[in-house]
Structure formats: structure tokens, C-alpha cells
Amino acid sequence: MSPRTGRRRAATLPLAVVALLPLAGCSSIGDFGRLQEPVVADNIHAWVGQAAAARAGAPISFDNLTEDERALRDLAFPLIEPSYDRIRWDAVVYEYGQKREFRRSLLVADPTAYYRHLLADNYRSTAGRYNQLIDDIRDDVVRIGSFFDMAHRVLEIDRRRQASMNLLPNVSALAKHNALARVGENTFTIAWVQNSLAQRCAGYRLALDHLVVAEPENMAAQADVALVHLQQQIAANQLVQVPAFAAAVPGEVASRPAPVVR
């Protein structure tokens, strides 16, 4: 496929996606926030790696994504998307990365946001808010296992890629640049998830502490156990160093070299 054809197809995706929204009960969200067929498409989350690298001031690769790299981005998105946005009516458009203002907001830390959304929902009882908190925490526990398994796999392949480049004299400088940029995208994607999970736990803790004071229930202990378990899983999966993300907006290409995966 030529670049022009690829761009033309990409430009038509949002219209097709929007056309699907009124169908099937106006919902395209499946289990654990995943998109249901038939709206899933290859490279739906390719922008995640590009946005992560650009935000850190690193270059973007023009190489095709491997199956593992594509899966890494697919598994990353539900962990950087706020849990209260998983059931948006226009979530398909957001998943395709068409709304840049939403994508920027994914990188903004606001530990009070989760609690505010929890209060805004029209629950008929205090138990409803606790149940939602517990469900969101447990959903994240389920997600992170698959993501970090794939992250380990991608990082190992990137180490091999970097080790082999110096042994292949016929590989051009441009090819090496794109390969290193892809290593950076993968690394920054993992870092973005680690950073997002830390922020998410802070939001869950703030919400739980406020619920304990404002609406005390025995379910608070259950929520605390679930949150501690999530925090333990996150602490055991700190695979890369989280960078200080620059002020660049997602999609911009900067000149900082890609990091070396050790």
C-alpha cells in the first residue's frame, strides 16, 4: 500500500466509525472497555506510541508496526484512558485518536477527577459508588497482567534489535534511525502506562478516602484490599524509567534521540 493510499484510507475511518455509532443500541464497547467487532481495525491505537514519543520530545518511526507492537498499543489504551471514559457514546472516535484535545488530556494528572466523576454519576445508594470503585480497580488488575506480559516481550525484542544493528553493515542510517525511534516509541508507551497507573491509583485512593469520610460503609475495607492489590501489581512491573514528559503536544516530531533499552 502506498503512503497516499494509506492516508486516504485513514482519513475515511472516522466517518465510517461515526456511522456505526447509532447501530447496535448506540454502544460499541465490549468487556473491559475493548471495542467490539466489527469496528476494530488494525493500527487503531498506533497513535499511542507516536503521542508518547512526541510528548517526551523523541522522534517518531515510519516503520510498520509488528504484531507485538500493535498489541502493546491496544493493551495500553485502556490503561491510559480514564476509567470513567470507557463507556462514552463517542468512545470509538476517541479510540481512533481523532480528537486531539482528548488525547492531550490523557497526559494531564488530576487526582480529583475520578472522585468528581464518581459523585456526578446518579447512583441511588452509597453502595453503588463503592461498587463502581471496586469494579474499576479490579478491571485494572485484570488488564495490567496482559499488558506487562506483552511489554516484557517487546522490550526483549528491542534489546535484540539494538544488539543486531551494529552487526549488520548493510543497514542504512535511515533504517537504523527508524528502528531506534520505534524502540523509543515502545519504551515511552510502557512509561506512559506506568505513569498513568500511578496517577490512577492516586485517584482511587483519594476517592476512597473521601468516601470513607463522607459516606462510610463496610465496603470500604473491600475497596482498600482491592486497591492495595493493584498497587502491589504495579510496583512489581516497573519495567522502564518514566521520563519527564515535555510540553510538546501529541503528534509533533522532535529531535531527541530514542532511548537505549538496557
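Pairing each residue of the range 46-60 that is closer than 15 Å to Q194 by Cβ and charged (D, E, K, R) with any residue that is surrounded by 24 or more Cβ atoms within 10 Å (Cβ to Cβ) and at pLDDT 90 or above, provided the two are 6+ apart or on different chains, yields C-beta distances under 9 Å for R55/F188; R55/W192.
In the range 99-155, the qualifying residues are those that are at pLDDT 90 or above and over 29 Å from Q222 (Cα atoms), and the one that is surrounded by the most Cβ atoms within 10 Å (Cβ to Cβ) is A151.
Counting only residues that are in a helix (DSSP H, G or I) and touching a residue at least 24 places away in the same chain (Cβ under 8 Å), the range 206-244 holds 16 of them. Restricted to the range 234-245, and to residues there that are out of contact with any Cys (no Cβ under 9 Å at 6 or more places or on another chain) and surrounded by 15 or more Cβ atoms within 10 Å (Cβ to Cβ), the residue that is modelled with the lowest pLDDT is F245. Test A207 against the criterion of being crowded, with 16+ Cβ neighbours inside 10 Å, more than 24 Å from R70 (Cα to Cα) and at pLDDT 95 or above, and give yes or no. Spelling it out, A207 is indeed crowded, with 16+ Cβ neighbours inside 10 Å, more than 24 Å from R70 (Cα to Cα) and at pLDDT 95 or above.
The values are calculated or read from the model by the stated rules, or taken from the named source; none is laboratory data. Since this is a predicted model, take the numbers as computed values, not measurements. Cβ sites come from the backbone with ideal geometry, for glycine too, and all protein chains shown count toward neighbours.
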